[in-house]
Every structure is written in C-alpha cells, then in structure tokens.
Amino acid sequence: MSVFRRQDIGVDEGERRVWRIDQIKGKEDPMDRGIWATWYDLAGPGKEEYISWLHEVHIPQTLSRPGYLWAAHVENIVTEERQRATRSYYHYTDDPSVPMGNGYIMLCGAVSPHVFVDPSPAELEARMTAEAREMLGRRIAARSCIFVEVARVDGPEVSQRGPGITPGPAFELGSFNINALENEEEVSTWYARSRLPRMTKMPGCIGVRKLVSIAGWAKHGILYEFVSLEAIEKYFTRDPSEWSQQVIKNLVHAPGSPSIGKRLWPPA
C-alpha cells in the first residue's frame, strides 16, 4: 500500500507555503508513526545497575516484540538554572495526580501506536519476570504517553539520524495540553505555518515530529531531534514573534516539559 507524506519545502515572503506530496512505497518509508514515551527519575544506590540492565537486557527484549522499530534512552538536563528559566517562560499543570519524573525518558518507536496497546502496558507488566519488575520498580514518579505522529519535517541534518531510523542523538521533547478548546485550532495552525517550516532550515536540526496522544495526560507532543545539545543551545532560540508568544501562553505543560536531553542508548 502506498503512503503519502506532506513536506514543507519553502515559505515565501507572502506567507504562502509550497508543499510537496511524496508518494513513498514499501520499505522506503520507515513508518515509525507510533511513539511510547516514559518520563521518570532515578535516585540512590542501584541507578547504574538499572541503567546497565535496561541497555543490555530490557531494551533488546523490547525490540524483539512485533512492530517495534527502535528504542532510545535519554538522560535529560535537569538543573536549577534550567528549571528557573522554563518556569518563568512556560505554564505548567498544577494537577497533583500528574507524576513529576523528568530525569530520564524511555522512547520506543513502532509502526503504529496500537503496537503499544496490543498487548497493553498492563498486560506486558503482568508477564514480566521478577527481575524486570524489580528493576522497573526503581523508576520514580514515572508517567507515560503513547503518541501517534501527525506531521513530520526533516531538518538540514536529517542524514545524521541513526543508527537506522533511531532519533537523536540530542532531543527536546515537549508534552502539553491546551488551556481552552477554542485555542486548539490556532495552536495547530501555528505548528503547520510557523514552527515546523522554521525547523526545516535550522542548523543542527535533524527533524521534528508533531504528536498527539492516544493515552496519557498530555494530548500533544513535539519531538525535536538535533545533532548535539550544543546545537540546541546555539540555534534553537526562542521565537520572539507576537504570534509565537501568544501560542506559548495557551499551552499547559507537563512537569519538566519541554525536556532537553542526550541519548544514552544507543550510544551517540
């Protein structure tokens, strides 16, 4: 079956967009349209043991499941300076039921988000070994979202994606809701007309995926891939335009969002 991907290839001065429809067949399109993201913290003794087990045992076992295409384990940059900067700029949920974990992110990509719900996370947990239960029990304040990709653009460094179709090696991942139903369309228009086209020309950018969730607190997600943390800091600066500032005010982020991190597995 043929699939179609719409890619932005330019924005002229009159804000008219030129879009290309690419007909991509079979194996030419990786079709990793499902992403399962789990944010969590680690602390104290056993952290290094957990990370070794995750990389050497759990991730290879996970990738053996039908439909799973890639996995990435990310360590986020969590500092007081960054927390002060984000809290002064973004709006955050005050819902105490939303777990606060943000030190690490486990990402899995699949052909469809339904891969992650058949079998479901609860069914997978019921089949776990005692070792896996104990190791995953070391995660603190974990929360998850299962996303489907709704749009994707490639950046100038798209050739640096890998190994294979694995994202990275540096990430920014935002997860959020929108403060009012009447603002939903404007946010989507902003991503389509402003943010995603901007990223196609940004130095250091590998690509961007706009996501919506089928499970989890956040309805929306946005995954930015860069060649390095340094590239994020240098080039991915805040957009000062009035429209962008208004859209950002309408977003209600999950704790720690947007997360910035480096890929631990596979090694960059």
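Brief remarks on what is shown
- Pairs linking a residue in the range 240-261 that is under 24 Å from E230 (Cα atoms) to a residue that is part of a helix (DSSP H, G or I) and among the small types (G, A, S), with Cβ atoms under 9 Å and 6 or more positions apart or on different chains, are S241/S194; S244/S194.
- The residue that is nearest to S175 (Cα to Cα), counting only those in the range 242-256 that are part of a helix (DSSP H, G or I) and of a type in the set (A, V, I, L, M, F, W, C), is I248.
- Here is the figure for the range 127-178: residues that are under 20 Å from K262 (Cα atoms) and β-branched (V, I, T) total 4.
- E80 vs. criteria modelled with pLDDT under 95, within 22 Å of P167 (Cβ to Cβ) and surrounded by fewer than 13 Cβ atoms within 10 Å (Cβ to Cβ): no
- Residues located in the range 36-53, provided they are in contact (Cβ under 8 Å) with a residue 24 or more places away in the chain, assigned to a helix (DSSP H, G or I) and either within 19 Å of the chain's Cα centre (by Cα) or more than 14 Å from G137 (Cβ to Cβ) (or both): I51
- Residue count for the range 54-97, restricted to those that are in a helix (DSSP H, G or I), under 26 Å from A110 (Cα atoms) and of a type in the set (A, V, I, L, M): 4
- Cross-chain or 6+ apart pairs with Cβ under 6 Å, the range 116-130 first and touching a residue at least 40 places away in the same chain (Cβ under 8 Å) and under 17 Å from T38 (Cβ atoms), then surrounded by 12 or more Cβ atoms within 10 Å (Cβ to Cβ) and of a type outside the set (G, A, S): F116/W36; F116/I146
- Of all the criteria given as (1) loosely packed, with under 11 Cβ neighbours inside 10 Å; (2) modelled with pLDDT of 90 or more; (3) within 29 Å of V98 (Cα to Cα), the one not satisfied by P66 is (3).
The values are calculated or read from the model by the stated rules, or taken from the named source; none is laboratory data. Everything numeric here is computed off the predicted structure, so don't read it as measured data. So basically every Cβ, Gly included, is an ideal-geometry build from the backbone, and we count neighbours across all protein chains shown.
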